[in-house]
Amino acid sequence: MAKLDIDPLTELYLQCNSVVKEIIKSETGRYPRDYKRMETAKLNKYFTTLSYKSTTNFDFAAEVMSGLIVLHGLPNTNHRSTILFTAMIFEIQEINFPYYGSKGNAKRWIEDCNQYIAKSKRILYSRKKDSEYKQKHLKWTREWMAQAIGTQSNSSGMMSRKSLTTLRKISSSFGASSIIVKK
């Protein structure tokens, strides 16, 4: 796929993946092992067909987070990369993710993320036997995300074209160090 054909959101998501891999390398001394191939075309199709109309900020973020994890387009670190990407969605909406701030509560945030990831993986592992796994995953994502953002008023606001455009323009200088999830 030519660089020009890649949606800016696909590129941003892939940058999130690179950041997460670098964080893991800095903590462990090695990159996470790829257990499948990168599916850039699949991710790009997801982002080019992404709709924001008539969607609250919260619903948009929950749909994107669950959708990307279920899509499973990255070779590894799908959950952690998607959590970082979701943080960026909330950042442009001025919604704290998590609501209690992660700088002074890094250990709590890591535990919260690990709780989400563990249950998310249990749901995903059931996909061969459970035709409802996508709906269950979205439900779990919504529950966890609601706890993570609390009662912030911006979450019920409507996702806008401006917000999506802003997300597409975010540079790689975003403060990714606030989202660190250990294996």
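Any residue that is aromatic (Phe, Trp, Tyr), part of a helix (DSSP H, G or I) and within 23 Å of LEU14 (Cα to Cα) - is there at least one of those in region 88-105?
So far as region 88-105 goes, yes, one or more of its residues are aromatic (Phe, Trp, Tyr), part of a helix (DSSP H, G or I) and within 23 Å of LEU14 (Cα to Cα).
Report yes if GLU39 is without any contact (Cβ under 8 Å) to a residue 24 or more places away in the chain, farther than 22 Å from LEU164 by Cβ and surrounded by 12 or more Cβ atoms within 10 Å (Cβ to Cβ), otherwise no.
Spelling it out, it is not the case that GLU39 is without any contact (Cβ under 8 Å) to a residue 24 or more places away in the chain, farther than 22 Å from LEU164 by Cβ and surrounded by 12 or more Cβ atoms within 10 Å (Cβ to Cβ).
Yes/no matrix, rows are residues, columns are (1) among the polar types (S, T, N, Q); (2) modelled with pLDDT of 95 or more; (3) touching a strand residue (DSSP E or B) at 6+ places or on another chain (Cβ under 6 Å):
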| position | (1), (2), (3) |
| --- | --- |
| ASP5 | no, no, no |
| THR10 | yes, no, no |
| CYS16 | no, no, no |
| ILE23 | no, no, no |
| GLU27 | no, no, no |
| LYS45 | no, yes, no |
| ALA62 | no, yes, no |
| GLY67 | no, yes, no |
| GLU91 | no, no, no |
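Can ARG80 be described as surrounded by 15 or more Cβ atoms within 10 Å (Cβ to Cβ), in contact (Cβ under 8 Å) with a residue 60 or more places away in the chain and charged (D, E, K, R)?
yes
Say whether the condition of being exposed (fewer than 14 other Cβ atoms within 10 Å of the Cβ), assigned to a helix (DSSP H, G or I) and of a type in the set (A, V, I, L, M, F, W, C) is met by at least one residue in region 122-140.
So far as region 122-140 goes, no, none of its residues is exposed (fewer than 14 other Cβ atoms within 10 Å of the Cβ), assigned to a helix (DSSP H, G or I) and of a type in the set (A, V, I, L, M, F, W, C).
Considering every residue within region 26-35, establish whether at least one is assigned to a helix (DSSP H, G or I), among the acidic types (Asp, Glu) and under 25 Å from LYS169 (Cβ atoms).
Within region 26-35, not a single residue is assigned to a helix (DSSP H, G or I), among the acidic types (Asp, Glu) and under 25 Å from LYS169 (Cβ atoms).
Quick check on this structure: which one of TYR52, TYR116 is among the hydroxyl-bearing types (Ser, Thr, Tyr), surrounded by 15 or more Cβ atoms within 10 Å (Cβ to Cβ) and under 15 Å from the mean Cα position of the chain (by Cα)?
TYR116
Looking at region 1-20, can you tell me whether even one residue there is of a type in the set (Lys, Arg), under 26 Å from ARG122 (Cα atoms) and assigned to a helix (DSSP H, G or I)?
no
The values are calculated or read from the model by the stated rules, or taken from the named source; none is laboratory data. Bear in mind that the values here come from a model prediction, so they are computed numbers and not experimental data. Cβ atoms come from the backbone with ideal geometry, glycine included; neighbour counts cover every protein chain shown.
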